[in-house]
Amino acid sequence: MSATTEVRTPDTTAPAPPPPARPGRRTAFFRNPWGKPRFLGVWAWGYIAWSIVPVLIAVQFSFNAGRSRSTFQGFSLQWYEGIFIRGSEQFDETLLPALMNSLKIAAMTVPVATVIGVALAIGLARWQGRGSGAANFLMLFPLVTPEIVMGVSLFLIFVNLYTAVPLGIPAMVVGHITFTISYVVIVSRGRLFAVGREYEEAAMDLGASPAGALRRVLFPLLAPAIFASAFIVFAISIDDFVISAFLCIEDCRTIPIKLYSAARNAGSPGLNAIATLMLVSSMTAITLAILIQRRFIRKQEGGQRSAVEDFARFEI
Amino acid sequence: MPTPTGDIVGQRRWYWPAFSAPGLLWLLLLFVTPFYAIVAVAMGGRDPIFGLGLPAWNPLEWNFTEIRGVVGEITTQSTLQDQFFRTLLFIAIAVTLCILIGYPVAYYTARHGGRWKVVLLSLMIAPFWMSYLMRMLAWVNLLNNEPESPGLVNQALLATPFVSEPINWFAGNAAPIAVVLGLVYGYIPFFILPLYAALDRIDKSQLEASRDMGASPGGTFFRVTLPLSKQGILAGSVIITLPMFGDYYTPNLMSGQPSVSMIGNAIERSLNNTGGQPRGASLTLMLSLFVALLMIYYLVSVARASRQARE
């Protein structure tokens, strides 16, 4: 159905239908400005290539048989062995701990941030009274605060006031939770608005208690958003650099911190290999998040836009 | 016995706020209070023996020596002043480049994406979920000038007749180019998406109307599309300007030279020094005040947009 509306050409609106385009590109554009301007297409796809290809090249060199990161000397998995296999030729003892720290922190961040964030989203979406505006505003602030400000402020408070939380992994987990809560709220809130409150009200009219309506009606409807936000939190936590760097002292280096400290001075395809692992895990998490949203929301409402397009709107 | 809709919940005014309570408490304790810690450390004194910062939690005990010192440095010729103006310059150039590169991309995707739209969007969103550090690492690999195997950019340049030896992108005159490239490459996806959303919202019938009234395609673009997407350009620019002000890792990764260091580098360096906390906190406080206007502007416009969307 959506296809027909998209294909519709606005011939009817032009005073006279434009004559068939001649080969020349410029004239073609001015004769039929509703057609595709080719130079824009080249520009857009060129941009996409520029934004993706450098990363793909970095991935390619993680499979290099030599030490170079600019001349490919054959395919090899030696740099991946160097992460995991002690005693292998390219073994680097700092890489595996970095990977484990990243995963550990993400694993502790995800459940807490998701639970707190979903509850906050439900509260904010249904609470109409005094104070809800301010609460909404507070929730949005972490999204626009420069990370350096959050990093510095968390560092100073853990050092000067909340000394019960030691710098290192505990502080890093708390920091990650703090700045991912808002993402959970944004993702869940979209779904809450889409679902509306009619279903719960119907359930309560039929005799469900508020808690029962929540558990048996709202949670199942909200489940795709909950899982999607958990995966998104995982990806954000794995990729985070600034907050981690401010709160880490020793033995808590994550992959981004390792990349930061070694990229220029001690670069090797081993770094590309660990970066590739990080890339694969966050991209997998996000793909799952999008697939979950898409599959369930399609099924329930037959939504017309794709999940990707919905996602593109979340930021606004 | 039928209950009027919503009554059960309506009777308890605390019911929905209670859901928000843990999250709001968390944000109060770990987002708002830590921000106050910046103020307290910046306005605090120093311990007389070691010179370490002593936070002043009570506003009555605030002293402004550190802040005054930092303001003095920015207003006179100093390294900090150079860093401050360099930050403004780099951000201005990077945002301009983002607009010039990004607008056509967002425009094409919104208007002419057709059946490729979802693919284009997915590829545009992909960099969001790649670690910033991974993306910088990719450019460090491409730009490097190791004599035995220069990066691909240098290999390509050496193949032209203009360049005879690998360019050192990480130091000297080329370093600012590498840093601005890093900033543009790092932040442009965050600019394009909100702009795309704004362009995609424009009702096509408005453009058709403009054409019907006799406007040329160019006229339609400059007098209808561009004004209608102004909000998106502003939103995108603010979104990327905010983190750029706090960026210290891009200059460090792409160069590490003092000749390209920004305000963020000054903050990070102070906090790594023993006794540098008050200075670092003062700089962060000034940075926050500087970007606060941008943040509030952005949040207000988001709130307005989401209100309109719900109506």
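Could you please give the count of residues in segment B:226-251 that are more than 14 Å from the chain's Cα centre (by Cα) and closer than 19 Å to A:Phe241 by Cβ?
1
Here is a list: A:Phe296, A:Phe311. Which entry is part of a helix (DSSP H, G or I), modelled with pLDDT of 70 or more, touching a helix residue (DSSP H, G or I) at 6+ places or on another chain (Cβ under 9 Å) and aromatic (Phe, Trp, Tyr)? Walk me through it before giving the result.
On the way: A:Phe311 fails: modelled with pLDDT of 70 or more.
Unique residue meeting the criteria: A:Phe296.
Listed residues B:Ser149, B:Ser164; which is more than 23 Å from the chain's Cα centre (by Cα), outside any helix (DSSP H, G or I), surrounded by fewer than 19 Cβ atoms within 10 Å (Cβ to Cβ) and at the interface with chain A (Cβ under 10 Å from one of its Cβ atoms)?
Working: B:Ser164 fails: at the interface with chain A (Cβ under 10 Å from one of its Cβ atoms).
Of B:Ser149, B:Ser164, the one residue that is more than 23 Å from the chain's Cα centre (by Cα), outside any helix (DSSP H, G or I), surrounded by fewer than 19 Cβ atoms within 10 Å (Cβ to Cβ) and at the interface with chain A (Cβ under 10 Å from one of its Cβ atoms) is B:Ser149.
Considering segment B:239-267 alone, what residues qualify as being part of a loop (DSSP other than H, G, I, E, B) and out of contact with any helix residue (DSSP H, G or I) (no Cβ under 7 Å at 6 or more places or on another chain)? Walk me through it before giving the result.
Within segment B:239-267, the subset part of a loop (DSSP other than H, G, I, E, B) is B:246-248, B:255-257, B:261-262.
Selection gives B:Gly256 alone.
Of the residues B:Trp129, B:Trp116, B:Trp139, which single one is closer than 24 Å to B:Ser255 by Cβ and among the aromatic types (Phe, Trp, Tyr)?
Details: B:Trp129 fails: closer than 24 Å to B:Ser255 by Cβ; B:Trp116 fails: closer than 24 Å to B:Ser255 by Cβ.
B:Trp139 is the lone residue from the list that is closer than 24 Å to B:Ser255 by Cβ and among the aromatic types (Phe, Trp, Tyr).
Of the conditions (1) at pLDDT below 90; (2) among the hydrophobic types (A, V, I, L, M, F, W, C); (3) more than 17 Å from A:Ile52 (Cβ to Cβ); (4) surrounded by 23 or more Cβ atoms within 10 Å (Cβ to Cβ), B:Ile74 fails just one. Which one is it?
(4)
Results for (1) more than 8 Å from every other protein chain (Cβ to nearest Cβ); (2) part of a loop (DSSP other than H, G, I, E, B); (3) under 25 Å from A:Pro111 (Cα atoms); (4) not aromatic (Phe, Trp, Tyr), shown as yes or no for each residue.
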{"position": "A:Arg191", "(1), (2), (3), (4)": "yes, no, yes, yes"}
{"position": "A:Ala194", "(1), (2), (3), (4)": "yes, no, yes, yes"}
{"position": "A:Gly207", "(1), (2), (3), (4)": "yes, yes, no, yes"}
{"position": "A:Pro224", "(1), (2), (3), (4)": "yes, no, yes, yes"}
{"position": "A:Val233", "(1), (2), (3), (4)": "yes, no, yes, yes"}
{"position": "A:Phe246", "(1), (2), (3), (4)": "no, no, yes, no"}
{"position": "A:Ile257", "(1), (2), (3), (4)": "yes, no, yes, yes"}
{"position": "A:Met278", "(1), (2), (3), (4)": "no, no, yes, yes"}
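Return the only residue of B:Leu88, B:Leu133, B:Leu123, B:Leu137 being at the interface with chain A (Cβ under 10 Å from one of its Cβ atoms) and either loosely packed, with under 15 Cβ neighbours inside 10 Å or over 25 Å from A:Ile257 (Cα atoms) (or both). First the steps, then the outcome.
On the way: B:Leu88 fails: at the interface with chain A (Cβ under 10 Å from one of its Cβ atoms); B:Leu133 fails: either loosely packed, with under 15 Cβ neighbours inside 10 Å or over 25 Å from A:Ile257 (Cα atoms) (or both); B:Leu137 fails: either loosely packed, with under 15 Cβ neighbours inside 10 Å or over 25 Å from A:Ile257 (Cα atoms) (or both).
Being at the interface with chain A (Cβ under 10 Å from one of its Cβ atoms) and either loosely packed, with under 15 Cβ neighbours inside 10 Å or over 25 Å from A:Ile257 (Cα atoms) (or both) holds for just one of B:Leu88, B:Leu133, B:Leu123, B:Leu137, which is B:Leu123.
So, in segment A:165-203, of the ones that are modelled with pLDDT of 85 or more and over 31 Å from the mean Cα position of the chain (by Cα), which residue ends up surrounded by the most Cβ atoms within 10 Å (Cβ to Cβ)?
Once the filter is applied, the top-ranked residue is A:Ala203.
Residue by residue, here is whether (1) at pLDDT 95 or above; (2) in a helix (DSSP H, G or I); (3) more than 7 Å from chain B (Cβ to nearest Cβ); (4) in contact with a Cys (Cβ under 9 Å, 6 or more places away or on another chain) holds:
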{"site": "A:Thr109", "(1), (2), (3), (4)": "yes, yes, yes, no"}
{"site": "A:Ala119", "(1), (2), (3), (4)": "no, yes, no, no"}
{"site": "A:Leu124", "(1), (2), (3), (4)": "no, yes, no, no"}
{"site": "A:Gln128", "(1), (2), (3), (4)": "no, no, yes, no"}
{"site": "A:Phe158", "(1), (2), (3), (4)": "no, yes, yes, no"}
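So, in segment B:211-254, how many residues would count as being at the interface with chain A (Cβ under 9 Å from one of its Cβ atoms), crowded, with 19+ Cβ neighbours inside 10 Å and more than 17 Å from B:Ala198 (Cβ to Cβ)?
Of the residues in segment B:211-254, 12 are at the interface with chain A (Cβ under 9 Å from one of its Cβ atoms), crowded, with 19+ Cβ neighbours inside 10 Å and more than 17 Å from B:Ala198 (Cβ to Cβ).
Just give me the residues in segment A:51-67 being within 8 Å of chain B (Cβ to nearest Cβ) and either part of a strand (DSSP E or B) or free of Cβ contacts under 8 Å to residues at least 12 places away in the same chain (or both), in sequence order. Working first, answer last.
Within segment A:51-67, the subset within 8 Å of chain B (Cβ to nearest Cβ) is A:51-52, A:54-55, A:57-58, A:61.
Those that are within 8 Å of chain B (Cβ to nearest Cβ) and either part of a strand (DSSP E or B) or free of Cβ contacts under 8 Å to residues at least 12 places away in the same chain (or both): A:Ser51, A:Ile52, A:Pro54, A:Ile57.
Please find, among A:Ile257, A:Ile226, A:Ile243, A:Ile238, the residue that is in contact with an Asp or Glu (Cβ under 7 Å, 6 or more places away or on another chain) and closer than 23 Å to A:Val174 by Cα. Can you show your working first?
Numbers: A:Ile257 fails: in contact with an Asp or Glu (Cβ under 7 Å, 6 or more places away or on another chain); A:Ile226 fails: in contact with an Asp or Glu (Cβ under 7 Å, 6 or more places away or on another chain); A:Ile238 fails: in contact with an Asp or Glu (Cβ under 7 Å, 6 or more places away or on another chain).
Answer to the check: A:Ile243.
Restricting to segment A:78-100, give me the number of residues that are part of a loop (DSSP other than H, G, I, E, B), free of Cβ contacts under 8 Å to residues at least 12 places away in the same chain and surrounded by 13 or more Cβ atoms within 10 Å (Cβ to Cβ). Break it down into steps so the answer makes sense when it comes.
Restricting attention to segment A:78-100, the residues satisfying the condition of being part of a loop (DSSP other than H, G, I, E, B) are A:85-94.
Among the residues that remain, those that are also free of Cβ contacts under 8 Å to residues at least 12 places away in the same chain are: A:85-89, A:91, A:93.
Adding the requirement that they be surrounded by 13 or more Cβ atoms within 10 Å (Cβ to Cβ) leaves A:85, A:88, A:91.
Result for segment A:78-100: 3.
Considering only residues of segment B:92-111 that are buried (at least 21 other Cβ atoms within 10 Å of the Cβ) and more than 12 Å from chain A (Cβ to nearest Cβ), which is farthest from B:Arg269 (Cα to Cα)?
B:Val95
Just to check your reading of the model, which residue among B:Leu142, B:Leu157, B:Leu80 is facing another protein chain (nearest Cβ under 8 Å) and not polar (S, T, N, Q)?
On the way: B:Leu157 fails: facing another protein chain (nearest Cβ under 8 Å); B:Leu80 fails: facing another protein chain (nearest Cβ under 8 Å).
Sole residue among the options that is facing another protein chain (nearest Cβ under 8 Å) and not polar (S, T, N, Q): B:Leu142.
More than 21 Å from B:Tyr36 (Cβ to Cβ) and either outside any helix (DSSP H, G or I) or in contact (Cβ under 8 Å) with a residue 60 or more places away in the chain (or both): which single residue out of A:Thr71, A:Thr163 fits that description? Can you show your working first?
On the way: A:Thr163 fails: more than 21 Å from B:Tyr36 (Cβ to Cβ).
Sole residue among the options that is more than 21 Å from B:Tyr36 (Cβ to Cβ) and either outside any helix (DSSP H, G or I) or in contact (Cβ under 8 Å) with a residue 60 or more places away in the chain (or both): A:Thr71.
Quick one: in segment A:68-94, which of the residues that are hydrophobic (A, V, I, L, M, F, W, C) and away from every other protein chain (no Cβ under 14 Å) is farthest from B:Gly102 (Cα to Cα)? Steps first, answer last, please.
Of segment A:68-94, the ones hydrophobic (A, V, I, L, M, F, W, C) are A:72, A:75, A:77, A:79, A:83-85, A:91.
Narrowing the set further to residues that are away from every other protein chain (no Cβ under 14 Å) leaves A:75, A:77, A:83-85, A:91.
Values: A:Phe75: 36, A:Leu77: 37, A:Ile83: 38, A:Phe84: 41, A:Ile85: 44, A:Phe91: 42 Å.
Among residues in segment A:68-94 that are hydrophobic (A, V, I, L, M, F, W, C) and away from every other protein chain (no Cβ under 14 Å), the one farthest from B:Gly102 (Cα to Cα) is A:Ile85.
Restricting attention to segment B:170-183, report how many residues are buried (at least 24 other Cβ atoms within 10 Å of the Cβ) and over 15 Å from B:Met262 (Cα atoms).
Of the residues in that region, 0 qualify.
Give the residue that is nearest to B:Thr96 (Cα to Cα), with candidates limited to residues of segment B:191-210 that are more than 7 Å from every other protein chain (Cβ to nearest Cβ) and crowded, with 18+ Cβ neighbours inside 10 Å.
As a first pass, look at segment B:191-210 and keep what is more than 7 Å from every other protein chain (Cβ to nearest Cβ): B:191-192, B:195, B:198-207, B:209-210.
Checking the rest, the ones that are also crowded, with 18+ Cβ neighbours inside 10 Å come to B:191-192, B:195, B:198-200, B:207, B:210.
Values: B:Phe191: 11, B:Ile192: 13, B:Leu195: 14, B:Ala198: 18, B:Leu199: 19, B:Asp200: 22, B:Leu207: 26, B:Ser210: 28 Å.
Only one residue fits best here, namely B:Phe191.
Quick grid of which residues meet (1) of a type in the set (Phe, Trp, Tyr); (2) under 18 Å from B:Pro22 (Cβ atoms); (3) touching a residue at least 60 places away in the same chain (Cβ under 8 Å):
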residue	(1), (2), (3)
A:Val173	no, yes, yes
A:Thr180	no, yes, yes
A:Ile186	no, yes, yes
A:Phe193	yes, no, yes
A:Ala211	no, yes, no
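A:Arg216 is checked against (1) in contact (Cβ under 8 Å) with a residue 12 or more places away in the chain; (2) buried (at least 17 other Cβ atoms within 10 Å of the Cβ) and fails just one. What number does that condition carry?
Only one criterion in (1) in contact (Cβ under 8 Å) with a residue 12 or more places away in the chain; (2) buried (at least 17 other Cβ atoms within 10 Å of the Cβ) is unmet by A:Arg216, namely (2).
The values are calculated or read from the model by the stated rules, or taken from the named source; none is laboratory data. Keep in mind the model is a prediction, meaning the values are calculated, not measured. Cβ sites come from the backbone with ideal geometry, for glycine too, and all protein chains shown count toward neighbours.
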